[in-house]
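Novice: Before we start, here is the structure in question, set down as structure tokens.
The values are calculated or read from the model by the stated rules, or taken from the named source; none is laboratory data. Not measured: the values here are computed from a predicted model. Note that we place each Cβ from the backbone using ideal geometry, even for glycine, and neighbour counts take in every protein chain shown.
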Amino acid sequence: MTAAPAPDGAELRERAAGALLAARARTRVLTACVDDGELHAQHSPLMSPLVWDLAHIGNQEEVWLLRAVGGQQPLRPEIDTLYDAFRHARADRPALPLLTAPEARGYVADVRERVMDVLERTPLEGAGPLARSGFAFGMIAQHEQQHDETMLITHQLRRGPAVLTAAEPPPAGPDAAALPAEVLVPGGPFTMGTSTEPWALDNERPAHPRLVPAFFIDTLPVSNAAYLRFVEDGGYRERRWWHPAGWEQVRREELAAPLFWRCEGGTWVRRRFGVTEEAPPGEPVLHVSWFEAAAYAAWAGRRLPTEAEWEKAARHDPSSGRSRRYPWGDADPTPQLANLGQRHLRPAPVGAYPRGASPLGVRQLIGDVWEWTASDFLPYPGFRAFPYREYSEVFFGGRYKVLRGGSFAVDPVACRGTFRNWDLPERRQIFSGFRTARDADSA
Ligand code: AVJ
Ligand code: FE
């Protein structure tokens, strides 16, 4: 790591307070732009009603910051099981006796007020493992931001006119058309994961060496235009491109294009936050499953990058041999470097954010779209569940595929070069896209 001075207690406290405040500002936008009745509606069986996410955010904050860190008694012990994600499947949550929207707002505000007192009084330097460096506060800010992305997915699934708006993302860089299609990442070891990033979650730890043979990776995420060639080449009608379970899904659900796409008089249009528009050719393809991403890659004579390849492309600095926090270096993301934080409600065109490129020139690894990798979600060597098994450990084992890099919908606090997301290979409501790779020795 660079020799930045370790932050002192006041700075850690300020960072934690800022992260909590930013998360709440976004939560407020996402839960205030529809009327309270609609907060109870279920827009898809894959998602909770927004009012569940809202109170769940407050409940997790109460459990970890008021009870575990602050040593306080439960405010409302009777609601814990309602907001335990492992107790009730998402599809069943609308039928629960949930807090009403005003009750949920009151609850999260009450929790937050008390949390700010706990933050004032908790020493963050030299504290126990939960509070050290503000970890528990950072974890809860990340949790809220993760649910803010989840709630944005619910908004995307919601029918009816648009209620959310945002500025357009920047265009592709002037050099975009001249970029090489792929970049060679030399073979050799690199450091994967982290033992030093203070708010990194358990599954990103510890830092460990990985040997990654030379490979080529796409300079840019796969665009709608490229994906459309697969669609129009009959990709969804040819079994040979598909994983058997993916092919079964294509047949069962009669899939022919990414989620939210529809063919209207020979033109593909897609619905995006209540607006129907032609899928912009230059934008990264969005709302594809792992099965679709892998099928496209097979059709293109390529494959998905492994998780280790993705992280090496994003973090390895060939000149120093060091793994950095982000593709551009160790500095925190800014609006000039990556499309994050729901500033824009869509990915930027492929080739945008030239300043965010990796040393080898790979672009848009952070932000825009979550990128499916070939890899199953598994623990790193030396993994220790912290602070609770249900954050990561119960998802290990091979049912879930890893996504990397974050989308336009995720806040910087929950996105970094080491951050690992995961989902089932059939899921397509998430803000997922991909890029492809190939072995360096494959002609
Ligand atoms: C890391 C995005 C898969 O939303 O299921 C939220 C994050 N964990 N509450 C999810 C999470 C507990 C998690 N993902
Ligand atoms: Fe949660």
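Novice: Taking only pairs six or more apart or across chains, which ones have beta-carbon atoms under 6 Å, a first residue in the range 92-111 that is within 15 Å of Asp80 (Cβ to Cβ) and assigned by TED's automatic domain parsing to the domain that holds Asp35, and a second residue that is crowded, with 21+ Cβ neighbours inside 10 Å and charged (D, E, K, R)?
Specialist: Filtered contacts from the range 92-111: Val111/Glu61; Val111/Glu62.
Novice: Name the residue, out of Phe86, Phe137, that is under 26 Å from Arg15 (Cα atoms) and of a type in the set (Phe, Trp, Tyr).
Specialist: Only one candidate passes the filter, namely Phe137.
Novice: Within the range 68-82, restricting attention to residues that are polar (S, T, N, Q) and without any contact (Cβ under 8 Å) to a residue 12 or more places away in the chain, which residue is nearest to ligand 1 (Cβ to nearest atom)?
Specialist: Among those that are polar (S, T, N, Q) and without any contact (Cβ under 8 Å) to a residue 12 or more places away in the chain, it is Thr81.
Novice: Scan (1) closer than 18 Å to Glu62 by Cβ; (2) within 16 Å of ligand 2 (Cβ to nearest atom) for the single condition Ile153 breaks and write down its number.
Specialist: Every condition holds for Ile153 apart from (1).
Novice: Out of curiosity, is Glu248 assigned to a loop (DSSP other than H, G, I, E, B), modelled with pLDDT of 95 or more and either closer than 30 Å to Glu393 by Cβ or of a type in the set (Val, Ile, Thr) (or both)?
Specialist: no
Novice: Might you check whether a residue that is modelled with pLDDT of 95 or more and either within 23 Å of Asp330 (Cβ to Cβ) or in contact with a His (Cβ under 8 Å, 6 or more places away or on another chain) (or both) occurs anywhere in the range 390-400?
Specialist: no
Novice: Here are some conditions: (1) in a loop (DSSP other than H, G, I, E, B); (2) in contact (Cβ under 8 Å) with a residue 40 or more places away in the chain; (3) more than 13 Å from ligand 1 (Cβ to nearest atom). Tyr391 meets all but one. Which one does it not meet?
Specialist: Of everything listed in (1) in a loop (DSSP other than H, G, I, E, B); (2) in contact (Cβ under 8 Å) with a residue 40 or more places away in the chain; (3) more than 13 Å from ligand 1 (Cβ to nearest atom), Tyr391 misses just condition (3).
Novice: Can I ask one more? Scan Ala89, Ala85, Ala136 and give me the residue that is closer than 24 Å to Arg26 by Cβ, within 16 Å of ligand 1 (Cβ to nearest atom) and either in the same structural domain as Arg416 (by TED's automatic domain parsing) or surrounded by fewer than 17 Cβ atoms within 10 Å (Cβ to Cβ) (or both).
Specialist: Selected residue: Ala85, the only one of Ala89, Ala85, Ala136 that is closer than 24 Å to Arg26 by Cβ, within 16 Å of ligand 1 (Cβ to nearest atom) and either in the same structural domain as Arg416 (by TED's automatic domain parsing) or surrounded by fewer than 17 Cβ atoms within 10 Å (Cβ to Cβ) (or both).
Novice: Are any residues in the range 387-413 of a type in the set (A, V, I, L, M, F, W, C) and more than 16 Å from ligand 2 (Cβ to nearest atom), and if so, which ones?
Specialist: Phe396, Val402, Leu403, Phe408, listed by residue number.
Novice: Quick one: would you say Arg355 is surrounded by fewer than 17 Cβ atoms within 10 Å (Cβ to Cβ), farther than 24 Å from Thr306 by Cβ and more than 16 Å from ligand 2 (Cβ to nearest atom)?
Specialist: Spelling it out, Arg355 is indeed surrounded by fewer than 17 Cβ atoms within 10 Å (Cβ to Cβ), farther than 24 Å from Thr306 by Cβ and more than 16 Å from ligand 2 (Cβ to nearest atom).
Novice: May I ask you to verify whether Ala109 is away from ligand 1 (no atom under 16 Å from the Cβ), more than 21 Å from the chain's Cα centre (by Cα) and in a helix (DSSP H, G or I)?
Specialist: It is true that Ala109 is away from ligand 1 (no atom under 16 Å from the Cβ), more than 21 Å from the chain's Cα centre (by Cα) and in a helix (DSSP H, G or I).
Novice: Kindly list, by first and then second residue, each pair from a residue in the range 48-67 that is over 14 Å from His143 (Cα atoms) and hydroxyl-bearing (Ser, Thr, Tyr) to a residue that is within 11 Å of ligand 1 (Cβ to nearest atom) and outside any helix (DSSP H, G or I), limited to pairs with Cβ atoms under 9 Å and residues at least 6 apart or on different chains.
Specialist: Ser48/Ala85
So that you can scan it fast, the table gives a plain yes or no per residue for (1) outside any helix (DSSP H, G or I); (2) of a type in the set (A, V, I, L, M, F, W, C); (3) more than 24 Å from the chain's Cα centre (by Cα):
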| residue | (1), (2), (3) |
| --- | --- |
| Ala6 | yes, yes, yes |
| Arg13 | no, no, yes |
| Ala16 | no, yes, no |
| Arg28 | no, no, no |
| Ile57 | no, yes, no |
| Glu61 | no, no, no |
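Novice: When you go through (1) out of contact with any helix residue (DSSP H, G or I) (no Cβ under 9 Å at 6 or more places or on another chain); (2) without any contact (Cβ under 8 Å) to a residue 24 or more places away in the chain; (3) more than 27 Å from Ala298 (Cβ to Cβ) one by one for Arg355, which number turns out not to apply?
Specialist: Failed condition: (2).
Novice: Can you tell me which residue within the range 394-440, out of those that are in a helix (DSSP H, G or I) and away from ligand 1 (no atom under 11 Å from the Cβ), is nearest to Ala313 (Cα to Cα)?
Specialist: Out of the qualifying residues, it is Pro412.
Novice: Within the range 381-410, take every residue that is in contact with a Leu (Cβ under 7 Å, 6 or more places away or on another chain) and of a type in the set (A, V, I, L, M) and give me the one that is surrounded by the most Cβ atoms within 10 Å (Cβ to Cβ).
Specialist: Result: Ala409.
Novice: Also, quick follow-up: Would you mind telling me which numbered condition in (1) assigned to a loop (DSSP other than H, G, I, E, B); (2) more than 21 Å from Glu426 (Cα to Cα); (3) touching a Phe, Trp or Tyr at 6+ places or on another chain (Cβ under 6 Å) Trp268 fails?
Specialist: Of everything listed in (1) assigned to a loop (DSSP other than H, G, I, E, B); (2) more than 21 Å from Glu426 (Cα to Cα); (3) touching a Phe, Trp or Tyr at 6+ places or on another chain (Cβ under 6 Å), Trp268 misses just condition (1).
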